[in-house]
1. When both residues are 6+ apart or on different chains and their Cβ atoms are under 7 Å apart, which pairs have a first residue that lies in the stretch 209-224 and is in contact (Cβ under 8 Å) with a residue 40 or more places away in the chain, and a second that is of a type in the set (S, T, N, Q) and open to solvent by 40 Å² or more (accessible area, probe 1.4 Å)?
2. When the stretch 180-191 is examined, which residues are found to be more than 8 Å from the ligand (Cβ to nearest atom) and at pLDDT 95 or above?
3. Please state which of the following conditions His128 fails to meet, knowing it meets all the rest: (1) within 19 Å of Leu203 (Cβ to Cβ); (2) in contact (Cβ under 8 Å) with a residue 40 or more places away in the chain.
4. Any idea which of Asp91, Asp4, Asp46 is touching a residue at least 12 places away in the same chain (Cβ under 8 Å) and within 30 Å of Trp212 (Cβ to Cβ)?
5. Going by the structure shown, is Glu154 surrounded by 13 or more Cβ atoms within 10 Å (Cβ to Cβ) and more than 24 Å from Gly69 (Cβ to Cβ)?
6. Find the residue count for the stretch 1-13, including only residues that are among the small types (Gly, Ala, Ser) and either part of a helix (DSSP H, G or I) or surrounded by 15 or more Cβ atoms within 10 Å (Cβ to Cβ) (or both).
7. When you scan the stretch 14-123 for strands (runs of 3 or more DSSP E) that lie fully inside it, which ones turn up with 2 or more residues that are on the phi < 0 side of the Ramachandran plot and of a type in the set (Val, Ile, Thr)?
Amino acid sequence: MRIDKLLGNMGYGTRKEIKGLVKQGAVSVNGERVRQSSINIDPDEDEVSVWGEIVEYRQHIYLMMNKPGDVVSATKDENQETVIDLLEWEDAVREPFPVGRLDKDTEGLLLLMTDGKLSHALMSPKKHIEKEYEARLAEPLAEGAVQAFADGIELADGHQSEPAKLEVKEEGSEPVIKVVLTEGKYHQVKRMVAAVGNKVIELRRVRIGPLWLDEDLDPGEYRDLSEEELEQLEHALYYQE
Ligand code: URA
């Protein structure tokens, strides 16, 4: 890999800026000062440093965000704030993308990553990765709703949903339910709830496969996935094959 590409990926600036750093003698490979920003290095073998500080190269970044209910889960939007706008510069510069979409008004667990292969696998309907949601409803749940979810609801557009788990977590005039799905169609929870004659008034995703939303993250906050979480995710995908 070219050293300017590696340093660009790691947030050290544009190709021109990195050329400037090299010219100033800031960049070394295995302790030797680099003279050209176009040289090739092996990120797994070579030790790159900038102003004496070792650059830890990570091929991909994997982030867990607690998405707030007022931003869109897209990489770009003409008029609205996106989840990418919430990232620190050093993460945004790696150009991660959200894995799937949550509605603008949905809160909770959103993964962002640069790894297209893993993202694709997570989204694949063949993998049946569970997604768990908590939803506050406008009114008490109709009798038979739990069974209807378990049987697989037919949505208004004719789509036959996969069987889903529905549990009441909090009774009351605006009950809170837990829904576990293995697919991710547009507005799926809202449409399934509508199909049993109710309405979602708040929606939050709390889990994707083995990964739970870190409750220490306030809405809008995010962190890197730990090595262990990443392994759990890969393991869940591997055993779904
Ligand atoms: N189901 C919905 O209706 N909305 C979401 O954002 C996610 C699942």
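1. Leu211/Gln232
2. Val180
3. Among (1) within 19 Å of Leu203 (Cβ to Cβ); (2) in contact (Cβ under 8 Å) with a residue 40 or more places away in the chain, the lone unmet condition for His128 is (1).
4. Values: Asp4 fails: within 30 Å of Trp212 (Cβ to Cβ); Asp46 fails: within 30 Å of Trp212 (Cβ to Cβ).
Only one candidate passes the filter, namely Asp91.
5. Details: surrounded by 13 or more Cβ atoms within 10 Å (Cβ to Cβ): yes; more than 24 Å from Gly69 (Cβ to Cβ): yes.
Against the criterion (surrounded by 13 or more Cβ atoms within 10 Å (Cβ to Cβ) and more than 24 Å from Gly69 (Cβ to Cβ)), Glu154 qualifies.
6. In the first step, residues of the stretch 1-13 are kept if they are among the small types (Gly, Ala, Ser); the result is 8, 11, 13.
Filter once more, so that each one left must be either part of a helix (DSSP H, G or I) or surrounded by 15 or more Cβ atoms within 10 Å (Cβ to Cβ) (or both): 8, 13.
Within the stretch 1-13, residues that are among the small types (Gly, Ala, Ser) and either part of a helix (DSSP H, G or I) or surrounded by 15 or more Cβ atoms within 10 Å (Cβ to Cβ) (or both) number 2.
7. Numbers: elements: 27-29, 48-50, 62-67, 107-113.
Fully inside the stretch 14-123 and qualifying: 27-29, 48-50.
The values are calculated or read from the model by the stated rules, or taken from the named source; none is laboratory data. This is a predicted model, so every value here is computed, not measured. Neighbour counts are summed over all protein chains in view; Cβ atoms, including those assigned to glycine, are modelled from backbone coordinates with ideal geometry. Keep in mind that these areas ignore ligands, DNA and RNA; they rest on the heavy atoms of the full protein, side chains included. Shrake-Rupley method; radii C 1.70, N 1.55, O 1.52, S 1.80 Å.
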